[in-house]
Amino acid sequence: MAVTSAGVLAGAAALGLLAVGAVGAAHGTSDGSGARSGSGSAGVGVGAGEGLVLRVHGRFAPPGSFVPSTALTYDRTLVPAGAWIVVEQEAGRAGTVVRARVGGVKAGHAFGAHVHTEPCDAAPDQAGPHYRHHADPAGVAEAANEVWLDFTTDATGQATVEARQDWGFRRGSANSLVLHREQGGAGARVACFTIPFGGYGTP
């Protein structure tokens, strides 16, 4: 199986979708932005041919930048242009693991982060609501029913975070990771990264 890798240019993002059999090739490789994957293969116990590994990485740019990007910043004080993000997903019958690494964002800040339903756009609210495993007519944000990746950056503006759920995304229904100004179930949207999440889902 061929595994393609691409360096990340400022204002651009690269996408890698790898079969489970290529997990070893995906982990521990450079993402082109100075970050390295160190997630190993613990995951959710995905077996060969049973799930997938998704790895996307990009650099944040303001909407409408000359070089388009799938990683958008709406608040350059918290998420400066050129800050980077790496997101990995493992999915299988046992559930889903989502990992995120960021760098170059505001140091010592507590960010909220959630998987959202729609791709990013120039307007922050275009990414839609949080992805929910079970529909909630009241729209209550609840970590057990969603994927929360809240994190606090270190003195260099970096952080690593992981979320595990025993369920999978519905295909085509989870399309971005949104960074929020504060942690918890809501808050102003300060950045967004379009990600075509996949895996076993619930109809």
For residue 83, distant residues with modelled amide H under 5 Å away
60
From the phi angles alone, apply the Karplus equation (6.51, -1.76, 1.60; θ = phi - 60°) to segment 185-194 and give each ³J(HN,Hα) in whole Hz, x where the residue is Gly or Pro.
x, 8, x, 4, 8, 9, 6, 8, 10, 6
Counting only protein heavy atoms, what percent of the accessible surface of segment 101-160 is carbon or sulfur at a 1.4 Å probe?
54 percent
Would you kindly derive the ³J(HN,Hα) couplings of segment 77-87 from the backbone phi angles with the Karplus curve 6.51 cos²θ - 1.76 cosθ + 1.60 (θ = phi - 60°), listing them in order in whole Hz, with x for Gly and Pro?
6, 8, 10, x, 4, x, 4, 10, 8, 10, 10
Calc'd 3J(HN,Hα), segment 156-161, phi into Karplus 6.51 cos²θ - 1.76 cosθ + 1.60 (θ = phi - 60°), Hz, glycine/Pro = x, comes to 9, x, 10, 6, 10, 8
If amide H atoms are modeled at 1.01 Å from N in the peptide plane, then the residues at a separation of 5 or more from residue 150, or on another chain, having amide H under 5 Å from its own are 113
Quick one: accessible area per residue over segment 71-113, 1.4 Å probe, rounded to a whole number of Å²?
29 Å²
Selection from 155, 190, 173 lying farthest towards where the dipole of segment 116-192 points positive, charges on Cβ
173
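The values are calculated or read from the model by the stated rules, or taken from the named source; none is laboratory data. Nothing here was measured: the structure is a model prediction, and the numbers come from that model. FYI the Cβ positions are ideal-geometry reconstructions off the backbone, even for glycines, and counts take in every protein chain you see. In case anyone asks, the SASA skips ligands and DNA or RNA and just uses the protein heavy atoms, side chains included. Shrake-Rupley method; radii C 1.70, N 1.55, O 1.52, S 1.80 Å.
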